[in-house]
Structures are given as C-alpha cells and as structure tokens.
Amino acid sequence: MRDLSRSTGISLAGLYHYIPSKQQLLHHIQMEAFSRILEQLQARLEGVRDPEERVRVLIQNHLEYFLAHPVEMKVFTHEAEALAGPFRSEVAGIKRRYYELALELIRNLPQGRGARTANPRATVLALFGMMNWIYTWHRAGADPDAGELADTFAEIFLHGALAAGPRGAGGNGREAEAAGNGRARGENSKERKGGHGHTRSN
C-alpha cells in the first residue's frame, strides 16, 4: 500500500478510504484479471472444434493478456499466497475453473500426442509454468509479440522443441537470469554435477 501511495501521490489515509485493506486490493486485481481471461477464452473457443487449435487458442489468449498486463502478472506470481479467508477462497474458485477448462482441452487432444498421453495435471501445470514466467525475460520490441510467441509456445508444447525449430540465435541477455536466478548456465551445471559426471537431483 505504501508503494501504491508513493506511485499515485495519494496519501495512505486517502487510499484506505477507497480500499479498506491490501487483501481487498489483491482480491480485486486477481478476480478482475482471471474473470477477463476466462471470459475471453470461452468466447474465443466458440466455434473452434479442432482439439489442437483449441489448445492454441488457450495459449494465445493467456499470453496476450499477460503481456498486455505485466504488473498484474507480477502480482499473480508473487502474491498468490497472500490472500486469506473468503478472498482466498473466491480467487481459488475462479482459478480452479480456468485450470479445469485447460485440463479439458488437454484431455481432448488426439491419442498418441505426448501431451495427451502424459499425466494431465502435470501437463497443464507445466504449460502454465512455461507461460506465467515470461515477464522475467520478455522485452517488448526485442522479443516476439504475443501472436508469434503463442505460435512458438504451441509448437513446443504440442510437438516438442525440436519440431518448433530455432528462430534465430542470441537473445536479450535475460536467459541466464530467468533460467538460473541470475547465475550463468555453466555455473548451474557445475553445481549440479555429482561424482562420475552424473547430474544430481536437488
């Protein structure tokens, strides 16, 4: 709330006049965002019958919203456990609806697809994990826009990284930070190596 007060120039007392608590503010941000994401997704899925295309719609809808609302995205990631009581329950309910819709889309993929034959819960959560952390590395103007990024993510998710193919070398300097909490990949590899050159599990 103090950060919000400084950024808006409104006193703490003034903020609390409109927003009684941080809990209520976090609840409002998350309910508003997930309601829009879910409504937009359901509207976009209308008339789309192909199972793979429906998963692509899910990915594009998610990335478009999150890239257009990076601040809300950070709130989702870092304040997910901050809510309590009825606020937490209500947000958990709409997140569950979103998760269950994504789960249904994955389960409807044709037999034989890796995503279809893998554990559905792990598959859906892996997809959300891939999408939700883009704010740690994506830079507008330097990285692909939501449409191109959605195509890349969909190819990786549905067909594998090799099938997606390289789209160019290099990067914007954020890869190592996103992958290893600011440490270079080589450092991470050395730390994870055990005896006989095998990789240890953490």
Next item on the list: Would you mind finding the one in Arg107, Arg88 that is farther than 21 Å from Leu149 by Cα, over 15 Å from the mean Cα position of the chain (by Cα), surrounded by 13 or more Cβ atoms within 10 Å (Cβ to Cβ) and at pLDDT below 90?
Entry: Arg88
Next item on the list: Mind listing whichever residues of the range 54-82 are exposed (fewer than 12 other Cβ atoms within 10 Å of the Cβ) and charged (D, E, K, R)?
Entry: Glu81
Check: Mind checking which pairs have a first residue in the range 90-109 that is over 17 Å from Gln40 (Cβ atoms) and a second that is surrounded by 17 or more Cβ atoms within 10 Å (Cβ to Cβ) and among the hydroxyl-bearing types (Ser, Thr, Tyr), Cβ under 8 Å, 6 or more apart or different chains?
Finding: Ile106/Thr123
Next item on the list: Would you check which residues across the range 131-163 are at positive phi and either in contact (Cβ under 8 Å) with a residue 24 or more places away in the chain or not assigned by TED's automatic domain parsing to the domain that holds Pro51 (or both) and list them?
Entry: Gly160
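The values are calculated or read from the model by the stated rules, or taken from the named source; none is laboratory data. Everything numeric in this text was worked out from a predicted model, so none of it was measured. Neighbour counts run over all protein chains shown; Cβ positions are idealised from the backbone, glycine included.
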